[in-house]
Amino acid sequence: NDPHWSAPNSRVNTDNTTYAQQEPAVAINPLNHLNVVSASKDERRAPGPNTETKEVWIETSTDGGASWPVQTHIPMPDNTLPQQSDAVVNFSDNNNVFVTIIGYNNANPTSSNELLVARSTDGGLTWPTAAVNVAPGIGGTDKEWTAIDLDPASPYYHRIYVTWTNFSAGPTFVEKWSSDSGVTWNPPGSGAVAVSNGSFDSGQFSMPVVMNNHHVIATWNDGGGQVAMGISTDGGASFGTSSAAFNITDVNGVPGSQWRLSTVPATTVATATGTLVSVWADGRDGKDDIYFARSTNNGTTWSAPARIPHNAAGSSYQVEPWVSAAPNGRFDAIWYDDRDFPSALNTFHIYASHSTNDGVTWSADEQVTDASSDLNVGIPQGSGWNGAAGDYINVASVNDYAYAVWTDTRSGTNEDIYSSRYSPIIGTPTPTVTGTPPTATPTTAPPTATTTPVPPTATSTATPVPPTATNTPMATSTMTTTNTPMPSVTPTDCPNPFIDVTGNIFYNAIHYLNCRGVVNGTDQTHYSPAGTSTRGQFAKVVVLGFGTPLFTPTTQDFVDVPSSYFAYLYIETGYHAGILSGFDPASCTAHGVGTPCYLPNLPITRGQLTKLVVNAGHYLLITPAGGQQDFTDVPPSNVFYVSIETAYHAGVINGYPNHTFLPNANIRRDEMAQIVYEGIIHKP
C-alpha cells in the first residue's frame, strides 16, 4: 500500500467467528488523536450463519488504530429491539462519543424501526448508560446520520443533529436535535422536524453537516437523478423549502456482483473555509466512477460534478466512496477500486485521494489496503440482509491523521472490518501519547447513569478564588506596560520534536514551554496546535509553568479528582495556592457529580485560562475606572472581567480584530502556550 497509510492494515473486530461485520463508521477524539472509536453492523453473536442476527458492536482504540481492545455490544434499553443496524459515530470535544443506530424487532418489518443514540463520556472506554430512543413510536426509520456543532462561538454549541428517512410517512426526510448531550431530543416524543418539506421527499441517505454560520445543511439522493438539500437556520427547529443541489447518475453495478450497490452522497464541510464537498459513485462513464461537487457559498450554488480518481474515466469500477475534512481544511476521500484486477470483477483495493486547496484539485491516488477484497465473499444469505456487503465505508480526519475503515474479505471466508491510518508526512513514527488520553483501563471510576455533561457557562465558575494580599484591586486602569522582550530560545535548548508547529505564529512560546517540560505533544512528533486542553491538563501546565511549589495533600478536595487522577497533585497544588477553584454546586449537579467538583475533563475556556494565569502570576488586579471594558463581549458583569482586563493591561493577552475576546470559547493549544508564556515573562 501507499506509504502514507499504515501497514499492515489493522483488523478492527477481534471476534473468532466467521460471521459478518459490515457498514463501519469511525470518529476521532479531538482531544487525543490516538483515541478512535469505530462501530459496525455485526453478527458475531448469531446462533449460526445466515440467521439474520444483526447487532451493532463498538470498538475503541487508544493507540492510533494499531489495536482495538475495547469491544462491546451497544447498550440497549430493553430487549424489544434485539436487532440493530446503520451505526454512526460522532466525537464531541469533551471526550463524549456518540453511536447512533437503527433498532428493530426480530420480525424485521420496517414499521418497527426505531432510532437510538448511546453515549460514552470517557472516549469510548465504557458505555454505562443505555441508548436513548430518539423518537419513540415513530416507526419506519431508516438510514440516519448525525452531526455535532463544535464551534464554541455558536449559539448551538454542542447541539447534536440527526436526520433520517421516515418510511412511515411517505418516505420523507426528518430531523431531531439534542442540546443536552443526547439525553433528551426535540421535538419531544415521536415528533420530528420535516427536512424535505413536501418537495424532494423520495430517495434515501440524508446526511446533516453543521456550517460555519451555524446553519445545518442536509443532503440526500432524491432517487430522481439529483442530490437534494434542506437548510435550517435556527438550530434544527425548522428547515426551509428543500431544493436540488446538483445532478448525479445512479450506479450501473458491477457485473456478476451478488452484493447491492447504491449511490450514497457523502457530504462534509471544511470548518477552516466553510466549503462543502459531496462525493458519490456515479454511472455516467459506463463503469462507475467517483465524482464530487463543492459549494463555497453555504450551499447556494454547487460546482459541476467532476471525477476525483486520476485513472481514465470508466476504466475501473469505483464504488462506495466517503469523504471527510480535517480542521485545517484538508479533504480526504476513500473508495473501493478494482483497477488492479481487470479480469477479477468484484475484487477491490481501497484507494484514497486528498485535497489541500479547498477541494479544487485532488492528489494522486493512493492504495490504502495491503490485501484485496472480493465483495461477493461472506455475504450473509438470510433474507433480511438483502445481499448487503455494506452500503458504505467511512473515513474521519484531523490535521495530523485520517482513519479509514471498510468491509474486508481478505480472510476468503467472511466479512471483517479493517482500518488504516493516514499520515500526511511519510515516516511519522508510531506516536507515544504524552498527554492524558483514555487508556483501556480507566484511571477514574466509570461515570454513572446520572452523568449528563453540560457545556460550562460564564456563571459556572462564579465561585471566585479568594484574592491574596498581593492581589489588591486598583481603582483605575492607568497601568502602563512595557513589553518584556521574549527570552531567546536557542536551538541548543532542545531539539524541536513537533513537525506541526514550524511556521506557527506561536512557535517560540510552544518551544520555550516544551524545552522546560511544561507542555508535551499529543504524540512524539505532533503538538496539535489547533486542539484543545482540558481543565486538568491546564492545571498541570500552569503549576509547572509558574514554578508553583507542589503541595502534598492529605485529603481529596474535589469529589471528581481522586488521587489516582493524573493531574491530582497539580490540581490540589493550584487549589491550595489560590490559583484555581471548582464549580458552584448547581453546575456540579448539572454535570451529574457531587460537590465540590472541578470537572477536570472539560475543555478549558479562554476566560478560565486567563484567570488561572493571572492568579498564578500574582498579578496586581485591575478594575478599570467607570466600568470601562476593552472587549465588547467582556462587560463588568462577566465573571472573568477583572482577570481579563488585568491580563490585557499587563500585555499578557490580546483580543481579536473585532474587539472581542470570546471568553467562553475553548482555547487552542497554541494560544494556550502563548498566554502562559506571556504570563511568565510579564509577571511582577
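The values are calculated or read from the model by the stated rules, or taken from the named source; none is laboratory data. Everything numeric here is computed off the predicted structure, so don't read it as measured data. Every residue, glycine among them, receives a Cβ derived from its backbone with ideal geometry; neighbour counts consider all protein chains shown. Quick note on the areas: whole protein, heavy atoms, side chains included, nothing else; ligands and nucleic acids left out. Shrake-Rupley method; radii C 1.70, N 1.55, O 1.52, S 1.80 Å.
Within the range 367-426, the set of residues being among the charged types (D, E, K, R) and under 21 Å from residue 353 (Cα atoms) comprises 370, 391, 400, 408, 421. Listed by first and then second residue, the pairs with beta-carbon distance under 9 Å, at least 6 apart or on different chains, first residue in the range 494-517 and of a type in the set (Ser, Thr, Tyr), second open to solvent by 60 Å² or more (accessible area, probe 1.4 Å), are 512/486; 512/493. Of all residues in the range 367-404, those satisfying the criterion of being β-branched (Val, Ile, Thr) and over 18 Å from residue 55 (Cα atoms) are 368, 369, 377, 395, 398. Annotation note: Cβ proximity below 6 Å between a residue of the range 264-286 that is touching a residue at least 40 places away in the same chain (Cβ under 8 Å) and in a strand (DSSP E or B) and a residue that is open to solvent by less than 10 Å² (accessible area, probe 1.4 Å) and among the basic types (Lys, Arg) (sequence gap 6+ or interchain) occurs for no pair. For the range 301-340, the set of residues classified as open to solvent by less than 10 Å² (accessible area, probe 1.4 Å), aliphatic (A, V, I, L, M), outside any loop (DSSP other than H, G, I, E, B) and within 30 Å of residue 529 (Cα to Cα) consists of 323, 333, 334, listed by residue number.
To keep it simple, each residue is scored yes or no on (1) over 17 Å from residue 173 (Cβ atoms); (2) in contact with a helix residue (DSSP H, G or I) (Cβ under 8 Å, 6 or more places away or on another chain); (3) of a type in the set (A, V, I, L, M, F, W, C).
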| position | (1), (2), (3) |
| --- | --- |
| 188 | yes, no, no |
| 197 | no, no, no |
| 201 | no, no, no |
| 251 | yes, no, yes |
| 257 | yes, no, no |
| 262 | no, no, no |
| 270 | yes, no, yes |
| 276 | yes, no, yes |
| 279 | yes, no, yes |
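Within the range 348-402, the set of residues being part of a loop (DSSP other than H, G, I, E, B), of a type outside the set (Gly, Ala, Ser), more than 30 Å from residue 110 (Cα to Cα) and open to solvent by 20 Å² or more (accessible area, probe 1.4 Å) comprises 356, 357, 358, 360, 361, 362, 365, 370, 399. Only one of the numbered conditions (1) out of contact with any Leu (no Cβ under 7 Å at 6 or more places or on another chain); (2) at pLDDT below 95; (3) open to solvent by 40 Å² or more (accessible area, probe 1.4 Å) is violated by residue 261, and that is (3).
Given the options 205, 167, 200, name the one that is modelled with pLDDT under 95 and buried (at least 20 other Cβ atoms within 10 Å of the Cβ). Write out each step before concluding.
Values: 205 fails: modelled with pLDDT under 95; 167 fails: buried (at least 20 other Cβ atoms within 10 Å of the Cβ).
Answer to the selection: 200.
Kindly establish whether residue 144 is at pLDDT 95 or above, touching a strand residue (DSSP E or B) at 6+ places or on another chain (Cβ under 7 Å) and over 24 Å from residue 271 (Cβ atoms).
no
Pairs linking a residue in the range 333-348 that is closer than 17 Å to residue 251 by Cβ to a residue that is polar (S, T, N, Q) and part of a loop (DSSP other than H, G, I, E, B), with Cβ atoms under 6 Å and 6 or more positions apart or on different chains, are 337/316; 338/316; 339/311; 339/316; 346/257; 346/376. For the residues 543, 561, the requirement of being in contact with a Ser or Thr (Cβ under 8 Å, 6 or more places away or on another chain), at pLDDT 90 or above and within 29 Å of residue 398 (Cβ to Cβ) singles out 543.
Candidates in the range 1-33 are the residues that are at pLDDT below 95, under 26 Å from residue 525 (Cβ atoms) and hydrophobic (A, V, I, L, M, F, W, C); of these, the one that is least open to solvent (accessible area, probe 1.4 Å) is 31.
In this structure, does residue 105 turn out to be out of contact with any Cys (no Cβ under 8 Å at 6 or more places or on another chain), open to solvent by 10 Å² or more (accessible area, probe 1.4 Å) and more than 21 Å from residue 210 (Cα to Cα)? Yes: the conditions hold for residue 105.
Checking 550, 544, 513, 569 one by one, the residue that is open to solvent by 10 Å² or more (accessible area, probe 1.4 Å), outside any strand (DSSP E or B) and touching a helix residue (DSSP H, G or I) at 6+ places or on another chain (Cβ under 7 Å) is 550 and no other.
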